[in-house]
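The values are calculated or read from the model by the stated rules, or taken from the named source; none is laboratory data. Bear in mind that the values here come from a model prediction, so they are computed numbers and not experimental data. When we count neighbours, we look across all protein chains shown, and the Cβ atoms used for this are built from the backbone with ideal geometry, even at glycine. Accessible surface areas use protein heavy atoms only, side chains included; no ligands, DNA or RNA. Shrake-Rupley method; radii C 1.70, N 1.55, O 1.52, S 1.80 Å.
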Amino acid sequence: MSQAAAAPRKTYQDDPNIQRRRWIILIVMNLFTFMSTLDGSIVNIALPVISKTLNLPVAQTEWVVTSYLMTICAAILFFGKLGDIIGKIKIFKIGMVIFIIGSALCGLSHSLPFLIASRLIQAVGASMTMANSQGIVTDIFPSTERGRALGLVGTFVSLGSIAGPSLGGVIISALGWEYIFWVNLPIGIIAFIFGIRVLPKDYTKLKVKIDSQGSLLFTLFIVALFSGLLLGQQYGYGDMKIVAALIVAVVTLGVFLWVESRKENPLLQLTMFKNPLFSLSITCGFLVFVGNFCYNIIAPFYAQSILNLSPFHAGFLLMLFPIMMVIVAPLSGALSDKIGSELLTFVGLVVTVIAQVGLANLHEGSPIALVGLWIAMLGLGNGVFQSPNNSLVMSRIPKTQLGIAGSINSLIRNVGMVVGITVATTTLFGVMSSEAGHRVTGLIPGQPDIFIAGMHVVFMTSACISTAAALLTGLRLWSSRRGQRLRTKQA
């Protein structure tokens, strides 16, 4: 595989001008990382208002969320590979512009088709920035600071995905649903102006053609998978059309992997998964996001419908999660640069499991302070885990594959969100239906005990998922320590 000739300097680390402004570059990328991730979750809380304003059933307006996540997942590998070919920073800059335009159009929408079309534009821009941000950070920052830098990226990713319901509630209450999109404009324009000034030219590029066949197959796989999962949670998985969509997804994935394994320059470089550190870190990241979105779906209902908190006060209670992440994740990233990442990822997941078990034991009369404690602990565990895990994902990838590696990490994160939503809603309504003796697809007035029963099972399920991730990281930690002892003896 031939590579383009290097730019005037061999690496970004050799350029003192770039190194002087590396933290400003990180701030610019994190602003877009936060906004693009936030827009995947902030719309959930606005759906009832959008439904009422546009005079539509809530089930139809859910496509405002679905279309955004589906487009990101379908396009993110393509833009990661395109970033490796024509330049990660170039793709990131173009994505900034498209995201800002899409956000403006979303705020101006007065019909569902126009809003969904605007969300598709916004999602294309988001996928271009998401696919390349981690690769740019890994390229620019020296290894001694990479964990802290990737930790901050992970912090803003998790902040965006978790802060949506609480932040969205405040914005909608004060300004209206359009402003959850319009708030992106001033922030995005300022970030873009700084980006034009501080982002350097691309150094590392590949001289290969884009894999159009692989891109088409992967898009078909994502559309079939998301359609089956998201419609299945609404109508049940017994519907033959939904079963057919899931079968198409599995078959298409198999064909995609078969085609990619035989291409010289595939969309997805499968050899990356031969690196056990990369594969294990990706898997753990996926499992954690599944668990996080179980919490993200259940917690607002519990806070407002069971504890009877107002949206405003519920929002502040739920903000304990992202606040803890803001405090802990940068510290965890900096610490991982000094002591390594394996121990921190294990500790973070153990704390996460404890918090999820605590949430699984809450009930109708639980004190607010106890609820806040478990939510804060969940944020603490995630903050300790995310930064070192992102560093492990990106640390052993060749520079020519950083774009696609970053896009895989972002893809897994977004798929984890959808799977988490599916696991939470399917489990919740399944248990509630069993308790009620009939099919249930929403809260039953005057019967909080039925919701509590479903909530307990959902949080125990997410605790089991996080336990699996903790066991994997524990195995990795043991293997790493064993390898160190063997090398010491040989020395």
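Centre-to-centre, using Cα atoms only, region 329-388 and region 72-93 are separated by 32 Å. Taking the convex hull of the alpha carbon positions in region 300-353 and averaging its projected area over all directions gives 4.4 nm². What the Kirkwood sum gives for region 414-491 is a hydrodynamic radius of 15.3 Å, with every pair of different alpha carbons counted.
Carbon-plus-sulfur fraction of the accessible area of the chain, 1.4 Å probe, in percent? Answer for the chain: carbon and sulfur cover 68 percent of the accessible area. Sorted largest first, the principal axis extents computed over the alpha-carbon atoms of region 331-383 equal 44, 16, 9 Å.
Place the peptides 119-125, 138-144 in order of packing, highest mean first, counting for every residue the other Cβ atoms within 10 Å and averaging per peptide. Please list the in-between numbers first.
Numbers: 119-125: 23.1, 138-144: 18.6.
Sorting 119-125, 138-144 by mean packing, highest first, produces 119-125, 138-144.
In vacuum, with every alpha carbon of the chain counted as one equal point scatterer, what does the Debye formula give for log10 I(q)/I(0) at q = 0.05, 0.11, 0.13 Å⁻¹? Two decimals, please. Here the Debye-derived log intensity ratios amount to -0.18, -0.91, -1.30. Normalised per residue, the accessible area of region 84-134 is 29 Å², obtained with a 1.4 Å probe and no contribution from ligands, DNA or RNA.
Both numbers refer to the Cα atoms of region 241-362; Rg and Dmax are 20.0, 58 Å.
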